[in-house]
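Asker: Here it is: the structure, laid out below.
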Amino acid sequence: MAPAQRCPLCRQTFFCGRGHVYSRKHQRQLKEALERLLPQVEAARKAIRAAQVERYVPEHERCCWCLCCGREVRKHLSHGNLTVLHGGLLEHLASPEHKKATNRFWWENKAEFQMKEKFLISSQDYARFKKSMVKGLDSYEEKMAAQIREVEHSRRELVRSVLEPQAVPDPEEGSSALGSWKGTNSQVASASQQPSYLDLPPAPELDWMETGQPLTFIGHQDTPGIGNIHSGATPPWMVQDEEYSSGNQQIGPSYEEFLKEKEKQKLKKLPPDRVGANFDHNTSTSVGWLPSFGRVWNNGRRWQSRHQFKTEAAARSKQSHKEKSQ
């Protein structure tokens, strides 16, 4: 028997030696694992000709699992506050360690030879990626410089608009300009002959306390015997109503009603068709309530226990009559 070996793709131990890699299950697991890694590699290949540079965010620390090397690899390449998208994965795919691990993985798992080139980056492609990364960094710096200039220009405009004094129009200059404008346009001249607010006389200040005014002071309208919160009276929201002023009315159920309701809630949890569900415990029971079987089933006959209970009940009744007569 071949020694036990562990397959990381199938996640099981097999004893068939090298024949396991040719099995249908292993080839299916291998194909699914390569298809999961292939979209990330293709997205990284698109960044070779046009590298994208963005501002660093914590999401750029994301890693991806390299199936050939069996370890996690950083997906993006970050330095300071800048990040080159897919730079870390391209750097790993172009490394000689990844190429050696890929050849070994393909040999051990008997994968399709045509797919191996899709998971490798040549040195020429990586050099082309470096040139595009330099261009991407330059364009990003120009973009940031343009944004800085725009913000600086808007800031200067804002400061200038705040610091410059507002020009107050001179009435004499306004009248001269209005006169010249009247000579050029007849329609506006006719409209300008209407009285403006500068020609109106100032409104007189009215004295409401002098005589002869239409308003009349009728005095304070305070209700006698009833004050307000300004005179020290009790606020209306603190005044008790007449129906609750006596204090005898009880709010909410009593304690006995609460106990009864609590007992009803306990009985609702029991099955409704149980034995004794409709039994009234408040009714009085006679001496003849005892059933036909005995009180102790394993000792004596049933009728003996019944007679014994009747004898004891008769003795207790006689004793109670004697105590009452004394």
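The values are calculated or read from the model by the stated rules, or taken from the named source; none is laboratory data. Because the structure is a prediction, the values reported are computed rather than measured. Every residue, glycine as well, gets a Cβ built from its backbone with ideal geometry; the counts of neighbours run over all protein chains shown.
Asker: Filter region 51-101 for residues that are at positive phi and surrounded by fewer than 21 Cβ atoms within 10 Å (Cβ to Cβ) and give the result.
Answerer: If the condition is that a residue be at positive phi and surrounded by fewer than 21 Cβ atoms within 10 Å (Cβ to Cβ), then 70, 80 are the ones that fit.
Asker: Something else about it: Quick check, is residue 111 out of contact with any His (no Cβ under 6 Å at 6 or more places or on another chain) and in contact (Cβ under 8 Å) with a residue 60 or more places away in the chain?
Answerer: yes
Asker: Looking only at region 3-26, decide whether some residue is within 30 Å of residue 134 (Cα to Cα), among the basic types (Lys, Arg) and outside any helix (DSSP H, G or I).
Answerer: no
Asker: Are there any pairs, at least 6 apart or on different chains, whose C-beta atoms fall under 6 Å, with the first in region 310-321 and surrounded by 10 or more Cβ atoms within 10 Å (Cβ to Cβ) and the second assigned to a helix (DSSP H, G or I), and if so, which?
Answerer: Qualifying pairs under 6 Å: 313/287.
Asker: Moving to a separate point now. Condition first: assigned to a helix (DSSP H, G or I) and closer than 16 Å to residue 46 by Cα. Now tell me which residues in region 113-122 satisfy that.
Answerer: 117, 118, 119
Asker: Could you please tell me which pairs satisfy a Cβ distance under 9 Å, a separation of 6+ or placement on different chains, a first residue in region 267-294 that is closer than 27 Å to residue 306 by Cβ and of a type in the set (Ser, Thr, Tyr), and a second residue that is at pLDDT 70 or above and assigned to a helix (DSSP H, G or I)?
Answerer: Here the result reads 292/303; 292/306, each pair linking region 267-294 to a residue that is at pLDDT 70 or above and assigned to a helix (DSSP H, G or I).
Asker: Tell me, which residue of region 283-326 that is among the charged types (D, E, K, R) and not in a helix (DSSP H, G or I) is modelled with the highest pLDDT?
Answerer: Taking the candidates together, the pick is 301.
Asker: Turning to a different aspect of this structure: Inspect all residues belonging to region 47-64 and state whether any of them is of a type in the set (Asp, Glu), in a strand (DSSP E or B) and either in contact with a strand residue (DSSP E or B) (Cβ under 6 Å, 6 or more places away or on another chain) or over 30 Å from residue 142 (Cβ atoms) (or both).
Answerer: Looking for residues that are of a type in the set (Asp, Glu), in a strand (DSSP E or B) and either in contact with a strand residue (DSSP E or B) (Cβ under 6 Å, 6 or more places away or on another chain) or over 30 Å from residue 142 (Cβ atoms) (or both), one finds at least one in region 47-64, hence yes.
Asker: Residue 254 fails exactly one of the following numbered conditions: (1) at pLDDT below 85; (2) surrounded by fewer than 10 Cβ atoms within 10 Å (Cβ to Cβ); (3) among the small types (Gly, Ala, Ser). What is the number of that condition?
Answerer: So the condition that residue 254 fails would be (1).
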